[in-house]
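A short worksheet on the structure shown next.
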Amino acid sequence: MIDFRNTETRAASTLIVLSMAILALTLAFMLFAPAPNPDAAVKARHKSLVSIKAETGKLKRRSAEIELQIRPLLWKGAQNEVTAALLDSVTLEANERHLKLSAFRPRKAQDLGAVTELPFSFSVSGPYPIVMSMIRLLDRPAGRVAMRSVEMAATESDSSMVTATIEVSAYLASRAAPAKGKSNEG
């Protein structure tokens, strides 16, 4: 029995009244709150999937565009052919500029998935302006090598003679990359 006049049962009576109020509110919520619509959840999931597919299509198209831009910058053939071609090219440029080329060293190739990076280092010696012209030639955006680093040191204190150690990377198209690209496009 609920009795608020008696101080000993007042706390228990208050808890009983609060419990009844909570039960009444719960019953009212269950009776009058709208039931969740399963169709709305299915529609939201479908809309999300359509959005993801559209975004994936955009990314595939963008990837194909970028691949078309990059393809002319990649070397083709075997690693030793690329090494020989790059050595010939660097030797020709150094000879045309009357620079001394020394210490051409291929580094360990790194597989990057769709491409293989072939790092090289070499040294050229000569007058500073001419060495810089060769560095600018190697560092041009449309070139087929990427400049990694340049270290330059003066060879004599009274002249403009320098020795530059240049590190570049050539990128070789992996043989598996075109097959993957074609299967993803279809």
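Here are the numbers:
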read-out	value
For the chain, built as a Gaussian network whose Cα springs stay under 10 Å, the top-fluctuating residue of 146, 44, 33	33
Cβ crowding within 10 Å averaged over residues, with 58-66, 89-97, 104-112 ranked highest first	89-97, 104-112, 58-66
Label zone at residue 169 (point 7 Å along Cα-to-Cβ), backbone N below 13 Å, region 86-107	107
Fraction of beta bridges assigned by DSSP in the chain that are antiparallel (%, nearest 5)	95 percent
Relative contact order %, the chain, counting alpha carbon pairs below 8 Å whose residues are six or more apart	18 percent
Rounded to the nearest 20 debye, dipole of the chain from Cβ charges on Lys, Arg, Asp, Glu	800 debye
About the Cα centre, charge dipole magnitude for region 75-175 (Lys/Arg +1, Asp/Glu -1 at Cβ), debye	320 debye
Cβ-based charge dipole, region 26-101, positive-most Cα from 35, 82, 57	35
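Since every read-out is calculated from the coordinates, none of them should be taken as a lab result. Source: prediction; values computed, not measured. Positions of Cβ are generated from backbone atoms using ideal geometry, with glycine treated the same way; all protein chains shown enter the neighbour counts.
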